[in-house]
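Computed from the coordinates by the stated procedures, all read-outs in this text should not be read as laboratory data. Please read these numbers as outputs of a predicted model, since none were measured by experiment. Ideal geometry is used to build each Cβ from the backbone, glycine not excepted, and the neighbour counts take in all protein chains shown.
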Amino acid sequence: MPRILYRYLILEILPPFGVSLLGFTSIVFLGRMMKVTQMIVVKGVGLIDVLKTCAFLLPYLLVFTLPMAATVGILLAMTRLTVDQEMIAMKTAGLSYAQLLPPVLGFSLLVGLLTLGLTVFASPWGQQSTKDLLKDVVKRRADLGIKDQTFNTDFNGMTLFVNRVAPKGGHLEGVFVHDFRDADNPLTVYAENGDLSYDREQETMLMKLYDGRIIRWGKAPNRWQTLEFKTYQLPLQVFSFALKGAKSESEMSLGELRTIINQQPRGSDLSNRALVELNQRFAMPVGALLLCLMAMPLGLSPRQHGRTWGLVLGLVVFLVYYVIFTASWRLAVNARIDPGLAPWLSNFLFIWVAIYLWYRTVRELPLLPGQNIFRRWRRVQAGA
């Protein structure tokens, strides 16, 4: 009997979970489709590179969509059982809510472990692989990130404006460059034409400009200079995502994060970011487990709701969790609260909410204490 019941509950959860996971992940991907389309149509990047980029980004997206889909899947399954009176039939057969917990708990633990694997291994690997792929694409197409008639700030210490970029070959027309890498002696360059190339040895872009003018100035009046040129070569540091040796905290392994925490002064920006990143990689899987466990009592609420209610409620619960999680992360990075504690604040809050919801559900009480009073008032109004 338990095996049949457990298998039945799991089969009830899997379809809404699978549909929700596919839907949420697809929606998140839609936000990137415009850039992907531009990379294929305008910049001529190969379809294979684009598909690789999407595959590398998938683990990072699943860190958020997997717990969300699991929460909605459990909530929808429990809501269907409640609305269709199957839960009453199970209780009539002598089954308690505690006896229905093992399959949901097992499913929740599996989701938590999968999220742990994503946060600790898959997501950092995917983001690092994405950066490596983009660096390789930039080496082959130096003009990849430059858009027509747009102020481009992707280059380190520079602002670049190009009137027209050739679809292929890296040829530029109507070039404006503001170079502030030397804060004491910034310069502005205007040129009618230019070409971009990539120096593989130095890992640096070279912009060769033709028929233009350089305006250089400093704080003192006698530092102003104007030069006209036929040919001028300007080295550019590669896009910020491809700087040699640059690596964000989200791309680092656990060992690299611990190294930064130990080497950097405690309370510094780098130390805070590394400490927050290290703790949130373990806090998010625990949060995924809590959200799944909260979904069951929400779906088993004595009140009769439609199936749409389960979807909306699941999204609201996840949104509240994510807002608290993000707010605590920002406060920790700014040293407003302890960086080691901040990623766990949402879990500390939601674990008490989960205990409260299960307490009310096991006792077959409304989830909100005021619901009985509201129902009685409505009955009195109806009788009057």
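Could you give the length gained on full extension between Phe151 and Asp338, defined as 0.36 nm per residue of separation minus the Cα-Cα distance, in nm?
Between Phe151 and Asp338, full extension yields 63.5 nm more.
Within a 10 angstrom radius of the beta carbon, how do Ile337, Ile214 rank from fewest other beta carbons to most?
Ascending Cβ contact count within 10 Å gives the list Ile337, Ile214.
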